[in-house]
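The values are calculated or read from the model by the stated rules, or taken from the named source; none is laboratory data. Predicted, not measured: the structure shown is a model, and the values here were computed from it. Here Cβ is always computed from backbone atoms with ideal geometry, including for glycine, and neighbour counts include all displayed protein chains.
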Amino acid sequence: MDSIIKKYLRGDGVLWAVFIGLCIVSVVEMYSASSTLAYKSINHTVPMLRHVIFLGMGAFIAVLIHMVPYKYIRIGAFVMLAFSVATLVLVLFKGKSENDATRWLELGGFQFQPSEFGKLSLIIIAADFIARIKNSEQNEKKFFRMLMVISAVVCALILLENFSTAAILFGVILIMMFIGRIAWQKLAFVVGGIVAVAVFGFATFKVVPQESMPKFLDRGYTWVNRIDRYLTEGDNNENKYVINDENLQVQHGRIAIARGGVTGVMPGNSVQRDFLPQAYSDFIYAIIVEELGLIGGVVVILLYMILLFRAGRIATMSKTVFPAILVIGLSLMIVLQAFVSMAVATSLGPVTGQPLPMISRGGTSILITSIYFGIIFGVARQIREEQQPAIGKTEDFVIEDDDDEDIE
């Protein structure tokens, strides 16, 4: 068994442990959090089996992807971008709605979220363009403009139904450019433009009645209301602890966290799973804290932090720009989404609808996140193989500090 693992699971062993750890937490907590789905199902085991199957498929995909050289990932991203843009447009007209949002598209009997493909393809292409800028400074203006146009199109299409995903994605692109040492003047101009548009948009939705705006902008009012509720919640002490239709998820999430204490009530003993509408998705972190306590909640946070730390170490060992920026971008997307999801579950931010990567129930999101991990594993594997002649054949991939090897 040990030889099989060493043969097929190459790269950074710590990252593989993080991936497996997240899958284990997901299985344990989904068994409890999906109780409402099991109750509604004719066969009570179907929701759990579905989730386990997707995790298994995701693990298989990660293993396959990590054997693919990243140069092919770089080429395939442009094909995926064309597919994602086409499906993002199509979902606006033929999308399926759930929780007041039209984010799902059904093609050939399969239902998926086009935004997940858009996120992955844009991050890879951003890493490609940033690498081109650093390798050919005379073309910096050309590739920077191309990246901004592509990012604006993808994020705008996602924004119409999923503001938080678009915001996180564009934030990741900006961080990638900052780490890639793109001229700060250009980044400052972009950030200033985004802030100006955001302020103008917020003011517009506050002043113009909803019935006077086009139908496709209705989600804007949803977000404005969520922000208003979050900012003004503490102003009315009389209703602060009242549970109603508007704050149902938030209040039951707080109750779940309060019940957890330090050690939790143990897996399977959650009470709030029966009251939280999205206990198995957006608010699964609240169930984790309820059942595993503060200790379990911190362990989950540490898993994501280790992922980001190890990805950073891998990036510093890369001798070229593309794989370094790619690993940083993919890990940032996973970790930032996780932190936003956890912030919502703990009432540190307004409700966004972001699932917890590799833990929340999902189909497309689990498979695409597994591809993220597979690419990161693959970059680590290739760096190890490149270093083999110098460090000799080792059983584990260990990243060491080397001040003489910087990203070119």
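So, of the residues in segment 365-407 that are of a type in the set (Ser, Thr, Tyr) and at pLDDT 85 or above, which turns out to be farthest from residue 72 (Cα to Cα)? Among those that are of a type in the set (Ser, Thr, Tyr) and at pLDDT 85 or above, it is 365.
Of all residues in segment 329-364, those satisfying the criterion of being aliphatic (A, V, I, L, M) and at pLDDT below 90 are 344, 345, 348, 351.
For segment 358-378, the count of residues that are touching a residue at least 24 places away in the same chain (Cβ under 8 Å), crowded, with 19+ Cβ neighbours inside 10 Å, assigned to a loop (DSSP other than H, G, I, E, B) and hydrophobic (A, V, I, L, M, F, W, C) is at least one. Within segment 331-345, residues that are among the β-branched types (Val, Ile, Thr) reach partners that are assigned to a helix (DSSP H, G or I) with beta carbons closer than 6 Å, at six or more positions or on different chains, in the pairs 334/372; 335/304; 335/308. A single member of 341, 331, 347 is in contact with a Phe, Trp or Tyr (Cβ under 9 Å, 6 or more places away or on another chain) and in a loop (DSSP other than H, G, I, E, B), and it is 347.
If only one of 200, 117 is surrounded by 12 or more Cβ atoms within 10 Å (Cβ to Cβ) and assigned to a helix (DSSP H, G or I), which one is it?
117
Within segment 284-301, the set of residues being under 16 Å from the mean Cα position of the chain (by Cα) and either farther than 23 Å from residue 249 by Cβ or among the β-branched types (Val, Ile, Thr) (or both) comprises 284, 300, 301.
Any residue at all in segment 93-105 that's assigned to a helix (DSSP H, G or I) and either at pLDDT 90 or above or more than 25 Å from residue 194 (Cα to Cα) (or both)? There is at least one residue in segment 93-105 that is assigned to a helix (DSSP H, G or I) and either at pLDDT 90 or above or more than 25 Å from residue 194 (Cα to Cα) (or both).
One residue alone among 178, 129, 143 is among the aromatic types (Phe, Trp, Tyr) and either assigned to a loop (DSSP other than H, G, I, E, B) or over 23 Å from the mean Cα position of the chain (by Cα) (or both), and that residue is 143. Considering each residue of segment 294-315 in turn, none proves to be part of a loop (DSSP other than H, G, I, E, B), surrounded by 21 or more Cβ atoms within 10 Å (Cβ to Cβ) and modelled with pLDDT of 85 or more.
Filtering segment 16-66 to residues that are at pLDDT below 90, more than 21 Å from residue 267 (Cβ to Cβ) and of a type in the set (A, V, I, L, M, F, W, C) leaves only 42. Residues of segment 185-216 that are modelled with pLDDT under 85, of a type outside the set (Ser, Thr, Tyr) and more than 27 Å from residue 120 (Cβ to Cβ): 202, 203, 205, 206, 207, 208, 209, 210, 211, 213, 214, 215.
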